[in-house]
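Values in this text are rule-based calculations from the coordinates and carry no lab data. This is a predicted model, so every value here is computed, not measured.
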Amino acid sequence: MMGQEIVRVWRLYLAGALRSFAEARMGVDQILCNRPTPFN
């Protein structure tokens, strides 16, 4: 579905992310937003 270049770049990114998580140099933050609904 995609070229070998994209697959290689994706694998390099994942390897770097794995190492960063293993060395506790990177974390994941999540923010949840919602649109306020009008009151009736």
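Tell me whether the chain comes out rounded, prolate or oblate; compute the Cα gyration tensor, take square roots of the eigenvalues as a ≥ b ≥ c, and use a/c under 1.5 as the rounded threshold. Taking the square roots of the gyration eigenvalues as a ≥ b ≥ c, the chain is oblate. Axis of helix 4-22 versus longest Cα principal axis of the chain: the two differ by about 70°, to the nearest ten degrees.
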